[in-house]
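A short write-up of the structure that comes next.
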Amino acid sequence: MQPVIIFIILMVVAIALAVGMIVQGHGCNRLELWLRRWFVKGDVEEQVPEKIQHTAYYLMLELGDLLESDKDIEQYYGVKTVFSHVSALRAETLGYREQTTIPLRPETQPSYLKVIK
């Protein structure tokens, strides 16, 4: 009797893991999409085109090669170049016509120092 209960528990855990992978996964077929819609209410995320996936993959490979370099200045300019490519890819992906700059720090009023004698 106990092996049957253990088997049932293991099967329930396996099915729960499979459903969890389908819900969190991508590249699903029709049955998996139906199962995802049944568990997750709302819109299913759209698939990322392969062109963008390949571009992002090669950008990450380039970044890895640059960071393995021994020269600091080469790393600096390489990371700067990769960042500009990533920014362009992001702008293209989001559909922006012109790239908008996002300030890294909020603009603050300059502090004026007074000399007190």
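Nothing in this text is a laboratory measurement; each read-out follows from the coordinates by a stated rule. Keep in mind that this is a model prediction, so the values were computed, not measured. We place every Cβ from the backbone using ideal geometry, glycine too, and count neighbours over all the protein chains shown.
Below is a table of values for the structure above.
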| quantity | calculated |
| --- | --- |
| Karplus-derived 3J(HN,Hα), 6.51/-1.76/1.60, for each residue of the range 74-89, Hz, glycine and proline x | 5, 4, 4, 5, x, 5, 4, 5, 4, 4, 5, 5, 5, 4, 5, 5 |
| Net charge of neighbours whose Cβ lies under 15 Å from the Cβ of residue 69, counting Lys and Arg as +1 and Asp and Glu as -1 | -4 |
| Cβ charges +1 (Lys, Arg) and -1 (Asp, Glu), total dipole of the range 50-94, debye | 240 debye |
